Amino acid sequence: MYEEIKKRLRGSIAPIITPFDNQLEVDVEALKGLVNWHIESGSHGISVCGTTGEPSSLTIAERELVMETAINTANGRVPVAPGTGSANQKETLHLTKRAQEMGADAALVIVPYYNRPNQQALYNHFKTVADSVDIPIIVYNIPGRTGVNLEVQTLARLAEDCHNIIGVKESNKDFEHVNRVLLNCGRDFLLYSGIELLCYPMLAIGGAGHISATACVAPKEVADLYNYWKEGDLEKALDLHYKLMPLNDVLFKETNPGPLKTAMGLIGKANPALRPPLGQPSDTLIDEIRQTLDKYGLIKTLNR
């Protein structure tokens, strides 16, 4: 039933930031510009309201606004898989249903954070969400943020019992775990890397692509990592993997998306404003981000 969209949901699914204006309101025009820039730069898909999009600082109405803006701006040129999960099941159900109504190609649903449900409760939660809609669901497992890991056997049960749970974004540094995802869920299950340094390795084991915050700064390069792999030019893909590593590192020296928004401000792509309780990176890190971006040729001069 979902074979066609599964073919399209591969490559670099860019997790776009939520741009704010100087009054910390959602900047709709800036968001439209970012979606267009990503598509023009070669990103294979778009996701909004994931971790990079600061969803916990947005109201439900704002999340709906961001999702609808992204879906309408993309206008079918690439698939859009907005983040619709939260720590509240009613909110998750509401947002996932709204994503379907808006025409989203899939929904990215995070493991509930802070609550730390047990594995049976996680199974129940995701099955409830999957049963409530007809669009594909991509589970988002990010134990460093949620405080709980969605175990492979739980995910395998969900893949078996829910026809529309088609994949998982694994922001999981346990590479044994991600190998076992495909072993237990099937090689046709869509596995995305949410860890920047594992984008290339996950392709090597049969991954479908990556949902990497680095794409917000270097969308073409992150997309090309997948393109080279798909074309069979493994040497170019591996070279790009190592070339991107210093940029990946500096963007995660403090909590995402703080360094990322600073970087986007420095390259002139977005206002670096963050909503509290997040705050701007330290002056030392800002200087390091500036120096790193300059080495990649992403800014013309060092604004000291």
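Looking across the range 247-268, the residues that are assigned to a loop (DSSP other than H, G, I, E, B), in contact (Cβ under 8 Å) with a residue 40 or more places away in the chain and closer than 22 Å to LEU24 by Cα come down to ASN256, PRO257, ILE267.
Can you say whether SER57 is touching a Lys or Arg at 6+ places or on another chain (Cβ under 7 Å), surrounded by fewer than 16 Cβ atoms within 10 Å (Cβ to Cβ) and among the hydroxyl-bearing types (Ser, Thr, Tyr), as far as the supplied structure shows? Yes; evaluated as a whole, the condition is true for this residue.
Sort out which residues of the range 32-73 are under 12 Å from ILE16 (Cα atoms) and part of a loop (DSSP other than H, G, I, E, B), and write them in order of number. Within the range 32-73, SER43, VAL48, CYS49, GLY50, GLU54 meet the criteria. Filtering the range 269-289 to residues that are farther than 21 Å from PRO246 by Cβ, among the small types (Gly, Ala, Ser) and without any contact (Cβ under 8 Å) to a residue 60 or more places away in the chain leaves only GLY279.
Results for (1) among the polar types (S, T, N, Q); (2) closer than 27 Å to PRO276 by Cβ; (3) surrounded by fewer than 22 Cβ atoms within 10 Å (Cβ to Cβ), shown as yes or no for each residue.
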site: TYR228; (1), (2), (3): no, no, yes
site: GLU231; (1), (2), (3): no, no, yes
site: GLU235; (1), (2), (3): no, no, yes
site: LEU240; (1), (2), (3): no, no, no
site: LYS243; (1), (2), (3): no, no, yes
site: THR255; (1), (2), (3): yes, yes, yes
site: PRO259; (1), (2), (3): no, yes, no
site: GLY265; (1), (2), (3): no, yes, yes
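For the range 269-295, filtering for residues that are among the hydroxyl-bearing types (Ser, Thr, Tyr) and part of a helix (DSSP H, G or I) leaves 2. The set of residues in the range 1-44 being at pLDDT 95 or above, within 30 Å of ILE165 (Cβ to Cβ) and among the hydrophobic types (A, V, I, L, M, F, W, C) consists of LEU9, ILE13, ALA14, ILE16, ILE17, VAL26, LEU31, LEU34, VAL35, ILE39. The residues listed here are VAL222, VAL148, VAL181; of these, the one that is assigned to a helix (DSSP H, G or I), more than 18 Å from the chain's Cα centre (by Cα) and among the β-branched types (Val, Ile, Thr) is VAL181.
The set of residues from the range 168-193 being out of contact with any helix residue (DSSP H, G or I) (no Cβ under 8 Å at 6 or more places or on another chain) and either of a type in the set (Phe, Trp, Tyr) or buried (at least 16 other Cβ atoms within 10 Å of the Cβ) (or both) comprises LYS169, ASN179, LEU182.
One residue stands out among those in the range 133-153 that are surrounded by 20 or more Cβ atoms within 10 Å (Cβ to Cβ) and not hydrophobic (A, V, I, L, M, F, W, C): the one that is farthest from PRO117 (Cα to Cα), which is PRO136. Out of everything in the range 1-31 that is in a loop (DSSP other than H, G, I, E, B) and either among the hydrophobic types (A, V, I, L, M, F, W, C) or free of Cβ contacts under 8 Å to residues at least 24 places away in the same chain (or both), what residue ends up being surrounded by the most Cβ atoms within 10 Å (Cβ to Cβ)? It comes out as ILE16.
Could you tell me whether the range 207-223 includes any residue that is of a type in the set (S, T, N, Q), surrounded by fewer than 23 Cβ atoms within 10 Å (Cβ to Cβ) and either within 20 Å of LEU34 (Cβ to Cβ) or touching a residue at least 24 places away in the same chain (Cβ under 8 Å) (or both)? Looking through the range 207-223, none of the residues is of a type in the set (S, T, N, Q), surrounded by fewer than 23 Cβ atoms within 10 Å (Cβ to Cβ) and either within 20 Å of LEU34 (Cβ to Cβ) or touching a residue at least 24 places away in the same chain (Cβ under 8 Å) (or both).
Restricting TYR228, TYR242, TYR200 to residues that are without any contact (Cβ under 8 Å) to a residue 12 or more places away in the chain and either in a helix (DSSP H, G or I) or more than 20 Å from GLY11 (Cβ to Cβ) (or both) narrows the list to TYR242.
The values are calculated or read from the model by the stated rules, or taken from the named source; none is laboratory data. Computed from a predicted model, the values in this text were never measured in an experiment. Neighbour counts are summed over all protein chains in view; Cβ atoms, including those assigned to glycine, are modelled from backbone coordinates with ideal geometry.
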